[in-house]
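The values are calculated or read from the model by the stated rules, or taken from the named source; none is laboratory data. Here the structure is a predicted model, which means the values were calculated and not measured. Neighbour counts are summed over all protein chains in view; Cβ atoms, including those assigned to glycine, are modelled from backbone coordinates with ideal geometry.
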Amino acid sequence: MIRSLAFFALATFLHAAASGQERYREPFRPQFHFTPERNWMNDPNGMVFYDGEWHLFYQYNPHGDRWGHMSWGHAVSRDLIRWEHLPLALAEEDGIMIFSGSAVVDWKNTSGFGKGNKPPLVAIYTGHREGRQDQRLAYSNDRGRSWSKFAGNPVLDLKMADFRDPKVFWHEGKSHWVMTVALPAEKKVHFYASPDLKAWRYVGEFGPAGATDGAWECPDLFPLPVDGGGTRWVLIVNINPGGPAGGSGCQYFVGEFDGEKFTPDHVILADEPARPASEDALWADFGPDFYAAVSWSDVPRDDGRRIWIGWMSNWTYANDVPTSPWRSAMTIPRELRLAKTSAGLRLRQKPVKELDSLHGKASSFERGTLAEANAWVARQDVHSGPLELSFTLENGDGLSGVKFYSGKEQATIVAVDRQAGRVLVDRTKSGKIDFHPRFAAKHSAPLFQKDGPVKLRIIVDTSSAEVFVNDGEQVLTSLIFPAPAGSSLEFFGTAQPTISALELWLLRRAW
């Protein structure tokens, strides 16, 4: 009997493992970007680090693969790359959906939710029902494995239909909690302060400013080091529609924050005239598929990084992307800094160093012509697929770059347009594009300098490309859905560019 039970347990385990492996070989399933096992996902929520684990909560529909029944899904990781799925954390209940929010470690137990000597995890989220949104709390005393909703909810209620997405952090200088929360229709963010996460007082607001064509959502506020020294504060405001590639987008403002008031460096206010629309805002990502980006709380000081992640989709077509039985993925987590550029202080982003753990053997090409670089690629017998590619275009007029997932009548193109002074991603023939009329398009980002070398780092997964320009001074994130037949990788150019510092890695699966 014991042998039979043991055999049954082993057989069950092997079947589950095989099923899991098969599930992650579904068409277009990312191999190292986070996806839910099944059903709909959108905004990342409640990212917090505690007891060796990176927590990722997310907007989730437990009942289907389109938006609805918003709850918080949950996963944890010890390296930001390999994720363990956990049970649903916060469920829709009594007609109240669980909209976006944040989570913190209440180290001093200011809330009184903690037990014993360990601090509680506290989630701050928007409760949504028809015609009303307010801010609520839930807490956990078992490392986020189970959650209790606060009996005194809501803790902040302006009796508004659109008032959402609280991001909370502890401000050392003022010794109080700060909440940054969006008033989407007014194109504003409000700031509130609290000693205990329960009682909140209004202390200030920001906006309208920058891009105001859509609803303001999912704000974040944090200090960032500046390359070369110093620190500035960055206010993140996601907007939908009105992004630089159409539909959803993520803008930011640089300035100072004293614990109650955010004072930006000069920004284009909503009523200022005479600036092109493309210059109305600073954009974190010029691609179409980067939204609701927010950062992790409570990253240990000995780590010291500011790391964030975004929803890799766009509200224009998110419900229609051709994946099943899941919809949506997150971007690669990215480390943030501020860079001094010719245009002023700008966000600098790079994939977290933990991504290197997926690298296969590196192949490198020092320097040569377009033909020499392509001959080198051919000798590597490398095909498109999950890979990381880094290279520098030293010169060349006109248009030059790289094609991947390339085949008969199919290619995704990343190129530098010297004449226009821009980097572009062209997915007009990238594979399956007919599921929505606005999916097939070209998107571009400006170069801070038209002349000189341009360094491109491209992270390619089964259904996405993340392009980091000049060490992450500009980024473009794009979904793609290539046919399996397209697998070649090749460089191209209209004026024979020189390609240097070329490195190529095949990337292993994270699952």
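Would you check if there is a residue in the range 96-109 being polar (S, T, N, Q), assigned to a loop (DSSP other than H, G, I, E, B) and in the same structural domain as Ile332 (by TED's automatic domain parsing)?
Yes; the residues of the range 96-109 include at least one that is polar (S, T, N, Q), assigned to a loop (DSSP other than H, G, I, E, B) and in the same structural domain as Ile332 (by TED's automatic domain parsing).
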message: Regarding the range 381-402, can at least one residue be identified that is closer than 15 Å to Ser363 by Cα, in contact (Cβ under 8 Å) with a residue 24 or more places away in the chain and among the acidic types (Asp, Glu)?
response: yes
message: Looking only at residues that are touching a His at 6+ places or on another chain (Cβ under 9 Å) and in a loop (DSSP other than H, G, I, E, B) in the range 302-320, which one is surrounded by the fewest Cβ atoms within 10 Å (Cβ to Cβ)?
response: Tyr317
task: Being β-branched (Val, Ile, Thr) and either in a helix (DSSP H, G or I) or within 14 Å of Trp505 (Cα to Cα) (or both) is the filter here, so list the residues in the range 365-383 that pass it.
output: Val377, Val382
Scan of the range 200-236 for residues that are at positive phi and within 19 Å of the chain's Cα centre (by Cα), ordered by number: Cys218
field: Meets criteria (in a loop (DSSP other than H, G, I, E, B) and either more than 16 Å from Gly259 (Cβ to Cβ) or touching a residue at least 60 places away in the same chain (Cβ under 8 Å) (or both)) for Ala199
entry: yes
query: Can you name every residue in the range 479-504 that is in contact (Cβ under 8 Å) with a residue 60 or more places away in the chain, surrounded by fewer than 20 Cβ atoms within 10 Å (Cβ to Cβ) and out of contact with any helix residue (DSSP H, G or I) (no Cβ under 6 Å at 6 or more places or on another chain)?
result: Ala483, Ala485, Ser487, Ser488, Phe492, Thr494, Ala495, Thr498, Ser500, Ala501, Glu503
- line: Restricting attention to the range 329-362, the residues that are of a type in the set (Gly, Ala, Ser) and either under 22 Å from Gly310 (Cβ atoms) or surrounded by 17 or more Cβ atoms within 10 Å (Cβ to Cβ) (or both) number exactly 3
task: Can you give me the number of residues within the range 465-498 that are of a type in the set (A, V, I, L, M) and modelled with pLDDT of 95 or more?
output: 7
- prompt: Filtering the range 333-364 down to residues that are within 18 Å of Asp303 (Cα to Cα) and not in a strand (DSSP E or B), which residue is nearest to the chain's Cα centre (by Cα)?
  reply: Pro333
- prompt: Taking the range 55-80 only, how many residues are closer than 22 Å to Ser357 by Cα and over 15 Å from the mean Cα position of the chain (by Cα)?
  reply: 5
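Consider Tyr202 carefully, then state whether it is aromatic (Phe, Trp, Tyr) and closer than 21 Å to Asp298 by Cα.
Here the answer is no, as Tyr202 does not meet what is asked.
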- prompt: Asp134: touching a helix residue (DSSP H, G or I) at 6+ places or on another chain (Cβ under 6 Å) and either assigned to a strand (DSSP E or B) or closer than 26 Å to Gly68 by Cβ (or both), yes or no?
  reply: no
message: With the requirement that a residue be closer than 19 Å to Pro30 by Cα and crowded, with 21+ Cβ neighbours inside 10 Å, what does the range 387-419 give you?
response: Glu388, Leu389, Phe404, Tyr405, Ser406, Ala411, Thr412
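Kindly establish whether Arg145 is over 23 Å from the mean Cα position of the chain (by Cα), without any contact (Cβ under 8 Å) to a residue 60 or more places away in the chain and within 19 Å of Ser297 (Cα to Cα).
Yes; evaluated as a whole, the condition is true for this residue.
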message: Residues to consider are Ala420, Ala415; find the one that is of a type in the set (A, V, I, L, M, F, W, C) and assigned to a strand (DSSP E or B).
response: Ala415
message: I need the full set of residues from the range 462-501 which are in a strand (DSSP E or B) and over 22 Å from the mean Cα position of the chain (by Cα), in order please.
response: Ser488, Leu489, Glu490, Phe491, Phe492, Gly493, Ile499, Ser500, Ala501
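Is there a residue being in a strand (DSSP E or B) and out of contact with any Ser or Thr (no Cβ under 7 Å at 6 or more places or on another chain) anywhere in the range 321-332?
yes
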- request: Of the conditions (1) touching a Gly at 6+ places or on another chain (Cβ under 8 Å); (2) over 23 Å from Ala441 (Cα atoms); (3) not in a helix (DSSP H, G or I), Ser406 clears all except one; give me its number.
  value: (2)
